[in-house]
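Before any comments, here is the structure.
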Amino acid sequence: MISRAGCGPSTLKSSRLSGLTTLGVGGPPDLLVRPETVEDAQAAVLRALADDVPWRVLGRGSNLVVDDDGVDGVVLQLGRLRHLRIDRGGRVAAGAGLPTSALLAGTRSAGLGGLECLVGYPATVGGVARMNAGGAWGFVAERIVGVTLIDERGELRDISSAECGFGYRTSGLDRCVVVEVRFELPAVDAAAYRADVERIHDRKSATQPLDRPSAGCVFKNPTGDSAGRLVDLCGLKGSARGAAAVSEVHGNFVVNRGGARAADVLSLIDDVREAVVQRTGVVLDLEVEVWRRRTR
Ligand code: FAD
Ligand code: EPU
């Protein structure tokens, strides 16, 4: 039984997660909570723990495939926790719900750089910390010095970067709510940094389907190779299920051509994984996270 009582003065409403994710598929959660403050977020976690219902955290939804039936339990969306404090010496504290575009813009205006790894995709500060997002231009963990989080028992704690358990597309932040991330960023030459950011953006626009709804790369890269290269090698670009298709631009992206269902996306992902293992022997692991009901 899910109770709204005790979640704090948050706005509570249920809506389809298709509108809150970049791929654009997925039904509603049982309860969507949008905390105004860290205390509200903590109250919601404690309420869910007391009611024994599952809870999850939604960032920008750019690494998620949400099932058509939606998800059980509580989804916390931290879009209102979006402060940005920049101190002398390059120390930065950002609310977990702050869009990374705003983090990039705010730090750049203060003459700080070092976040090239976040250029070219929509996300939140909490989501990139959880995923240790990045790629050819580095990983965000290299710039993080500490995190404030609500742990799985509902306690508010500060931890150092070393305690975050960062790895390739992973971290130890998976059973908690990150509420603030602290960075240390280098001072940079504004013109040179701007040129670097534009170059990275152009490179990504040329090699990734940034103009189509997607959840970014579907699979993690196997050691020493690129999942996109393998999908391409197998001739799978353009293959489709319903309105979900493997991008013609990059083999590791599934795009929504308009009106795709999660069922289409998930069947297509299964098809691709099966074809790649048959033809190359490589088993691809998912990078995207699939959210589905545990009870039907
Ligand atoms: P979500 O997708 O909402 O959530 C992802 C995971 O993080 C979930 O487990 C969620 O529960 C958890 N989470 C979110 N917020 C919090 C929080 N505050 N506390 C605890 N857990 C939280 N990724 C890369 O690494 N490199 C790329 O180059 C890249 N390119 C992309 C390009 C495109 C076009 C798209 C659509 C995606 C791309 N991605 C890339 C994937 C995605 O943007 C990243 O994984 C990003 O980190 C997800 O952030 P988010 O805020 O959208 O998190
Ligand atoms: N390639 C192909 N065909 C394709 C796609 C790629 O042959 O369809 C080849 C490219 O030509 C290149 C190699 O594969 O030689 C690597 O491709 P790319 O530079 O596009 O990088 P990637 O390994 O496919 C990774 C990340 C991306 C990130 C880029 C750039 C993963 C799973 N993917 O892609 O992250 O943007 O590097 O830094 O680690 C994401 O995680 O969602 C994501 C998009």
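Things to note:
- For the pair residue 263 and residue 192, the difference between a 0.36 nm per residue extended length and the Cα-Cα distance amounts to 21.1 nm.
- Here the dipole of the chain is about 460 debye; that uses its Cα centre as origin and unit charges on the Cβ of Lys and Arg (positive) and Asp and Glu (negative).
- Rounded, prolate or oblate (a/c below 1.5 giving rounded, otherwise prolate when a/b exceeds b/c) for the range 82-147 by Cα gyration tensor: rounded
- Each peptide among 158-167, 134-143, 222-231 gets the average number of other Cβ atoms lying within 10 Å of its residues, and from highest to lowest they stand as 134-143, 222-231, 158-167.
- Whole-percent carbon and sulfur share, accessible surface of the range 193-265, 1.4 Å: 45 percent
- Simple spin-label estimate for residue 294 and residue 110 in nanometres, 7 Å along Cα-Cβ: 3.9 nm
- Quotient of the Cα radius of gyration of the range 6-133 and 2.2 N^0.38 Å, N being its number of residues: 1.12.
- In the elastic network of the chain, a GNM with C-alpha springs shorter than 10 Å, the most mobile of 21, 107, 207 is 207.
- Segment residue 39-residue 102, extension gain: residue separation times 0.36 nm, minus the distance between their alpha carbons: 20.3 nm
- Direction-averaged projected area, Cα convex hull, the chain: 15.4 nm², rounded to one decimal.
- Per residue, in Å², the accessible surface of the range 122-178 once ligands and nucleic acids are set aside, probe 1.4 Å: 43 Å²
- For a label point 7 Å along the Cα-to-beta-carbon line of residue 240, residues of the range 50-71 with backbone N under 11 Å: none
- Gain in span if fully extended, residue 201 to residue 136, counting 0.36 nm per residue against the direct Cα distance: 22.2 nm
- Computed with a 1.4 Å probe over protein heavy atoms only, the accessible surface of the range 217-294 comes to 47 Å² per residue.
- Distant-in-sequence amide H partners of residue 291 (H built 1.01 Å from N, under 5 Å): 65, 66, 67
The values are calculated or read from the model by the stated rules, or taken from the named source; none is laboratory data. The shown structure was predicted, so the numbers you read here are calculated from the model rather than taken from an experiment. Note that each Cβ is placed from the backbone with ideal geometry, even for glycine, and that neighbours are counted across all protein chains shown. Areas reflect the complete protein model, heavy atoms only, side chains present, ligands, DNA and RNA absent. Shrake-Rupley method; radii C 1.70, N 1.55, O 1.52, S 1.80 Å.
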